[in-house]
Ligand SMILES: [Zn+2]
């Protein structure tokens, strides 16, 4: 009876399918775990690099990445308490992009801006908020940053959102309103806005893209300031 059953083609293909499917699920599960670990590690590395290269300071900044149904974010006090020497375990995972009550004290208060971006911009895969050294004079005086380098032309003018208190729900709304006209550009490159007297928000297609753009905008801003010493820009 068993032999007869095993000879039935349906039995064989069903067994194969079961094996193949379970293997697929195992591989998928492992890949997800590797993926999560990679994302956490990359956030930690980018945070350290931002601090070392004065692209942010100990006063603040935050990094997030969109995963599979999860938003990964740097913890509260990443700069002031940990001086950007984070470990992958400190990265906070927000399931379904929601801050659960027990996570409220762990996550940065600026997470509102990040979550609004992920909700309204499906192409957004990573967000960096930072206080870069040479961007800060522009943000402080409320001046947009014109692109003066060939490799920053694509970003256009980096505009300012209306002045709004940090951590407020209004700031998230203002950032979204200013970014929305650039939403389609996100298919080609990262987009960014300045927050008056505060810093910058960069939205990327992935974290490499967001970090690269942060560096370019800060370098472009530095070059504007230095060119003025030479009587140009
Ligand atoms: Zn900030």
(request) Pull out the extension gain between residue 133 and residue 102, defined as 0.36 nm times the separation in residues minus the alpha carbon to alpha carbon distance; nm, one decimal. (result) 7.8 nm
(request) Note down the nm distance, to one decimal, between modelled labels 7 Å out along Cα→Cβ at residue 170 and at residue 189. (result) 3.3
(message) Just want the ordering: 170, 150, from fewest to most Cβ atoms lying within 10 Å of their own Cβ.
(response) 150, 170
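What order do you get for 205, 143, 40, 228 when you list them from fewest to most C-beta neighbours inside 10 Å?
The order, fewest Cβ neighbours first, is 228, 143, 205, 40.
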(message) To make sure I understand, if each residue's beta carbon is the centre and we count other beta carbons within 10 Å, what order do 72, 211 fall in, fewest to most?
(response) 72, 211
(message) Could you tell me the center-to-center distance, by alpha carbons, between the range 189-212 and the range 73-135 in angstrom?
(response) 13
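Any read-out appearing in this document is the output of simple, stated calculations on the displayed coordinates, not a laboratory observation. Computed from a prediction, not measured in an experiment: that's the story for all the values here. With ideal geometry, Cβ positions are generated from the backbone for all residues, glycine too; neighbour counts draw on all protein chains shown.
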